[in-house]
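Inspection log for the structure reproduced underneath, given as structure tokens.
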Amino acid sequence: MASTAGGHARICLGCWDQMKMPIPIRGPLAIPFRAFGITRSKMNPNICTICERSFRRIKGKQHITATATILFADIRGYTHLSDRIDPAVLGEIVSTFQDQCAQSIWAHDGIVNKQMGDGLMAIFNFPIRIERHAAAAIGAAIDIQRRCAEVLERLGSSSGELPDKAIGVGVGIHSGEVEIGEFSSFRSDFTAIGGTVNLTSRLESQAAAGEILVSAEVAAAAPDLVGDAVSRSFTLKGIDQPVSAYALRTHA
Ligand SMILES: [Zn+2]
């Protein structure tokens, strides 16, 4: 495993873990690569744009089945908020949220795969391999909650026009098999799809502000981080069986 756990890698950790190929992304050796458009990925500054755009070249096929941990996060009450505050303040809240989430995810070797305004999706264990990917995602979620609680509350109170309740973030995490690769014929970026991804998204939609909801699979893979959290049963839209999940609370 080439991981530097969020530090500054000199070679692409994804290309190294997936192909044992050293692609320079920092320092003088990276300069000729830049001429060919190979730079650091926006999904994680320790991977390169080959990882991001050339999945088929790396894996020899358009998509593969892999085990990964998926994390969804979003700003709770965003719609309510967006109707009531100045668009410029809203923009600052969203960009602060996205920045803080990305820093937290990168510190645990995940990639920010999709950003959707007030929400995002992250993948752990691809392309950077992480032995304890469920634990890495929980670590990132704890960082997200801690960082966002600090900065969003400060932003909210300084704007002076926030409604009664403070802004909070909800997070959902689930592990399992995903289909990962390129699924569009006109865009070359890669993502993960499948039941694991859907369930994570549904789980996240049930998370209260300040809450991290982790599935039973994630809890079993990282019991040390779940501690004595009590499991709850959720009926999720589009999912037949009730799903049990553990709510980790990081702040009041
Ligand atoms: Zn790469």
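The values are calculated or read from the model by the stated rules, or taken from the named source; none is laboratory data. Given the structure is predicted, the values throughout are model-derived calculations rather than measurements. Please note: Cβ atoms are built from the backbone with ideal geometry, for glycine as well, and neighbour counts cover all protein chains shown. Just so you know, the surface numbers come from the protein's heavy atoms only, side chains and all, with ligands and any DNA or RNA stripped out. Shrake-Rupley method; radii C 1.70, N 1.55, O 1.52, S 1.80 Å.
Residue 218 is checked against (1) aliphatic (A, V, I, L, M); (2) buried (at least 20 other Cβ atoms within 10 Å of the Cβ); (3) over 23 Å from residue 101 (Cα atoms) and fails just one. What number does that condition carry?
(3)
Sort out which residues of the range 200-215 are open to solvent by less than 50 Å² (accessible area, probe 1.4 Å) and within 17 Å of residue 240 (Cβ to Cβ), and write them in order of number.
200, 201, 203, 215
Testing residue 113 on (1) assigned to a helix (DSSP H, G or I); (2) within 15 Å of the ligand (Cβ to nearest atom); (3) in the same structural domain as residue 201 (by TED's automatic domain parsing), one condition comes back false. Which one is that?
(1)
If we keep just the residues of the range 19-28 that are over 22 Å from residue 180 (Cβ atoms) and within 14 Å of the ligand (Cβ to nearest atom), which is surrounded by the most Cβ atoms within 10 Å (Cβ to Cβ)?
Of the range 19-28, the ones over 22 Å from residue 180 (Cβ atoms) are 22, 24, 26-28.
From what's left, within 14 Å of the ligand (Cβ to nearest atom): 22, 24, 26.
Numbers: 22: 13, 24: 18, 26: 14.
Filtering first and then ranking leaves 24.
Could you grab me the full set of residues in the range 34-45 that are over 12 Å from residue 112 (Cα atoms) and either open to solvent by less than 40 Å² (accessible area, probe 1.4 Å) or within 10 Å of the ligand (Cβ to nearest atom) (or both)? Even if it seems obvious, please write down each step before you answer.
Start the filter on the range 34-45 by keeping residues that are over 12 Å from residue 112 (Cα atoms), which leaves 34-40.
If the condition is that a residue be over 12 Å from residue 112 (Cα atoms) and either open to solvent by less than 40 Å² (accessible area, probe 1.4 Å) or within 10 Å of the ligand (Cβ to nearest atom) (or both), then 37, 38, 40 are the ones that fit.
Starting from residues that are within 9 Å of the ligand (Cβ to nearest atom) and buried (at least 19 other Cβ atoms within 10 Å of the Cβ), keep the ones in the range 47-57 and report whichever is nearest to residue 121 (Cα to Cα). Full working, then the answer.
From the range 47-57, those within 9 Å of the ligand (Cβ to nearest atom) are 47-52, 54; that's our starting set.
Those still in the list that are buried (at least 19 other Cβ atoms within 10 Å of the Cβ) too: 47-52.
Values: 47: 17, 48: 19, 49: 18, 50: 20, 51: 17, 52: 15 Å.
By that ranking, first place goes to 52.
Quick one: residue 189 ticks every box in (1) modelled with pLDDT of 95 or more; (2) open to solvent by 50 Å² or more (accessible area, probe 1.4 Å); (3) within 18 Å of the chain's Cα centre (by Cα) except a single one, so which number is it?
All conditions pass for residue 189, except number (1).
Being without any contact (Cβ under 8 Å) to a residue 24 or more places away in the chain, of a type in the set (Asp, Glu) and farther than 25 Å from residue 5 by Cβ is the filter here, so list the residues in the range 62-105 that pass it.
Listed by number, the list holds a single entry, 83.
Output the residues belonging to the range 124-141 that are under 20 Å from residue 11 (Cα atoms) and open to solvent by less than 10 Å² (accessible area, probe 1.4 Å). Write out each step before concluding.
Restricting attention to the range 124-141, the residues satisfying the condition of being under 20 Å from residue 11 (Cα atoms) are 124-131.
Across the range 124-141, the qualifying residues are 124, 127, 128.
Quick one: count up the residues across the range 58-84 that are surrounded by fewer than 20 Cβ atoms within 10 Å (Cβ to Cβ), closer than 30 Å to residue 186 by Cβ and not polar (S, T, N, Q).
Adding up the residues that qualify gives 8.
Could you check the range 58-73 and list, in sequence order, the residues that are more than 10 Å from the ligand (Cβ to nearest atom), under 24 Å from residue 105 (Cβ atoms) and not hydroxyl-bearing (Ser, Thr, Tyr)? Quick ask: steps written out before the conclusion?
First, the residues of the range 58-73 that are more than 10 Å from the ligand (Cβ to nearest atom): 59-73.
Checking the rest, the ones that are also under 24 Å from residue 105 (Cβ atoms) come to 59, 63-73.
The answer is 59, 63, 64, 66, 68, 70, 71, 72, 73.
Just checking, does the range 215-224 include any residue being β-branched (Val, Ile, Thr) and at pLDDT 95 or above?
Of all residues in the range 215-224, those β-branched (Val, Ile, Thr) come to 218.
The next check asks that each one be at pLDDT 95 or above; those that pass are 218.
Yes, there is a match, as at least one residue in the range 215-224 is β-branched (Val, Ile, Thr) and at pLDDT 95 or above.
Mind listing whichever residues of the range 1-18 are within 13 Å of the ligand (Cβ to nearest atom) and either open to solvent by less than 60 Å² (accessible area, probe 1.4 Å) or among the acidic types (Asp, Glu) (or both)?
Within the range 1-18, 2, 9, 11, 12, 13, 14, 15, 17, 18 qualify.
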